[in-house]
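Structure record follows, encoded as structure tokens.
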Amino acid sequence: METVEKNRSSQMDFALFAAILLLCAFGLVMVFSSSYYYAQSKFSDGLYYLRSQSTFLAAGVIALLVISRIDYHLWDHLRLPFLVATMVMMAAVVVWGVERNGAKRWLDIFGIVSFQPSELAKFALVLYMSAFMARFPERMKSFVNGTVPMLVIVGIMCLLVLLQKNMSMMVIVLFTGILMLYVGGVPMKHLLLMGVCAVPILFLVAYMEEYRMMRLKIFMDPWQDELGAGYQLIQSLYAFGSGGLFGQGLNFSRQKLLFLTYGESDFIFAIIGEELGLIGCAAVILAYAFITYRGIMIALKCKDRFGSLLAAGITSVIAMQAAVNIGVATSSIPTTGQTLPFVSAGGTSLFIFLCASGILLNISKNMEET
């Protein structure tokens, strides 16, 4: 009987694994549907995005399976090299990065693969903070000895991301850090103080660039510049409006016919809404809710503090980025460019989210039995 219980507790969370794979498969279908016309017109190859996404998905699933078999405690020993390597790559982007759409966010590897190091920043931060807070739980009650060292790391990460003109990623990194401090046991009064200080800083950062202020204004009323800054958001809203309850049908989106830009990546949720309707959107949101729920359960039931914090951090990043992407597409938050995890076109994002999911699945093998 004891042997059975031991074996049962060493099994990874297959429900979570299945949910992630299903979401990836769904994403592959939607990337093909949303990108075919645009890819055909730009590259004379309608399968351009599908081919790229399939390649990264295959590599990501293999990486997930391998990482899910590696004891997550190994990452504790790699926390500092991983953090430093990520910071070095992010600094390299600022100097040697490839500029696209007015922002430097990518490193070209031998001119073959474009890599976005900022996608690593969220998870490098989660890993380092989890290891630190697991080692020194008592220090987290002290602002000077616990909170400040973590804020320094978060601040450096945010600055490197901001230098790439990627404020949306900076906000995700910042809130990831604050959430990690919360689950790590930082007193609420310290968190409230950080929140009070963060608000004016974020407004100052937004004020420093005219396009950021314009996005805030357009968020309030996109029709004030319907052919300019508000165009993309208006087209997204048209997509949801024409989708209705059941949608126009898979592959029957009109907005993807060069009306809605980035329909295969940042605004893929709008194409989902147009083709599959409110029902399809609700199903996608429920899928993320299920993944978040399973991740929270893993964090709560993990047998050690490091695994618990790491699971909470990985889960929060997935949930937060999904919420940001959906919020942008539905005009619930100001327009910004972030992928929908496991679904949007974007090789770096897909591969890294799958690798992080592999760690989460490995942690699920170390859960307390109920």
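Taken together, the values in this text are just the output of simple stated rules run on the coordinates, not laboratory data. Keep in mind that what you see is a predicted model, and the values were worked out from it rather than measured. Cβ sites come from the backbone with ideal geometry, for glycine too, and all protein chains shown count toward neighbours.
Of note:
- Between helix 48-67 and the chain: long-axis angle, C-alpha atoms, 0 to 90°, nearest 10: 10
- Residue with peak Gaussian network fluctuation, the chain [Cα springs, cutoff 10 Å], from Glu274, Glu209, Glu226: Glu209
- Ranked by the mean number of other Cβ atoms within 10 Å per residue, highest first, peptides 165-175, 213-223, 192-202 order as 165-175, 213-223, 192-202.
- For Asp304 and Trp96, the FRET efficiency from 1/(1 + (r/R0)^6), where r spans their Cβ atoms and R0 equals 30 Å, is about 0.15.
- The calculated 222 nm mean residue ellipticity attributable to helices in the chain amounts to -23000 deg cm²/dmol, summing -39500 (n - 2.57) over DSSP H runs of n ≥ 4 and dividing by all residues.
- Axis angle, to the nearest 10 degrees, between helix 167-183 and the longest C-alpha principal axis of the chain: 30 degrees.
- Value of relative contact order over the stretch 173-265, rounded to a whole percent, pairs C-alpha under 8 Å and six or more apart: 13
- In a DSSP loop and with at most 14 other Cβ atoms within 10 Å, the chymotrypsin sites (Phe, Trp or Tyr not before Pro) in the stretch 6-112 are Phe110.
- Based on C-alpha pairs under 8 angstrom that are at least 6 apart in sequence, the chain has a relative contact order of 26 percent.
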